[in-house]
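First the structure, in the form of C-alpha cells, and then the observations on it.
The values are calculated or read from the model by the stated rules, or taken from the named source; none is laboratory data. Since the structure is predicted, the reported quantities are computational estimates derived from the model, not experimental observations. Note that we place each Cβ from the backbone using ideal geometry, even for glycine, and neighbour counts take in every protein chain shown. Areas reflect the complete protein model, heavy atoms only, side chains present, ligands, DNA and RNA absent. Shrake-Rupley method; radii C 1.70, N 1.55, O 1.52, S 1.80 Å.
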Amino acid sequence: MNRRPSLLAATALTAAAALTLSACGSDDGAQDEAEGATAVTTNETQPSPAATTSTAAADHRPKIELPSDLTYTFDWPRAGDKDKDAVLADSEQSIKAVDLAIVKQDALDKAYLYYYEGEAAAGVKKFVQEYVDAKATITGAYRFYDPEVTLDGDDTASFRYCEDQGQAYVKYLPDKVKRTEVSKDSYVVYHTSLKKNAEGVWVIQRIVSQRGSDKCQP
C-alpha cells in the first residue's frame, strides 16, 4: 500500500495484495528498510457525516484515537446515495484504522481487521509489520480527494480515490522525522474492492494503488 510516507523498501509493496500504504519520508541505513509506505488519516475519531448511512453495528465499531500530530482531510462530498455514502464513511474509517495500527506498532490490531479481510487484511498486516520492524511510525497531514464509488450489485462495490502525501512523513522512534520535498510521487491513486458484510459494514477485500498517477496530480 502506498498510503504512508515512503518508509519501507519499494520491494515491500510488490506483494499480491498490493496494499499501497506508503508515505513521503525516508532515511538512511536500517531506516531505509522502512521506505516505501505512506498513509493518510484524519485525527477525528468519529465517522464523517456520510457515516450516518452505515449504521448497522455502529455501536460495535472500533474506537480510533490518533495522536495530535496526524491530521486528515477527506474531500469526499456526500454522494446522495445511502450505499455510496456508507462506502465513503467506512473507507475513511479503514484508512484511520491502518494508521492506528502503525502508531500502536501492532500488526494485528483489531481496528483494521474490522475493515479489512482476506487478501487485503494480509497485505495490511505485512505493511504494518514493516513499520514495526523499522521502529517507525507516521506524522503529518494527509488529504484524500476525487472519490468515485461504483456499486457493482450483490452488496459489492468498487472505490477509486486519490491521496496527497506531500505533507506526510515517516517518524523513526522515538522522534526523528525525515522530511522530503513534494514530487509527482506524492500523489497516489487507489482502487479498492469492497463487500458489505452481515453487520452492514463495507469491508475491503482488495486494494491496489499507483504512486505518481497522472489522475491525482494537482
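Quick rundown of the values:
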{"quantity": "Rounded, prolate or oblate (a/c below 1.5 giving rounded, otherwise prolate when a/b exceeds b/c) for the range 136-204 by Cα gyration tensor", "calculated": "oblate"}
{"quantity": "In Å², nearest 10: area of ARG211 left accessible to a 1.4 Å probe", "calculated": "60"}
{"quantity": "Residue-normalised accessible area of the range 113-157, given per residue in Å² at a 1.4 Å probe", "calculated": "42"}
{"quantity": "Cα gyration tensor, the range 75-206 - rounded (a/c under 1.5), prolate or oblate", "calculated": "oblate"}
{"quantity": "Neighbourhood charge, 11 Å Cβ-Cβ cut-off, centred on TRP76 and excluding it, Lys, Arg +1 and Asp, Glu -1", "calculated": "-2"}
{"quantity": "Anisotropy class of the range 167-218 from Cα gyration tensor, a/c 1.5 cut", "calculated": "oblate"}
{"quantity": "Built amide H within the under 5 Å cut-off of LYS171, gap 5+", "calculated": "THR137, ILE138, THR139"}
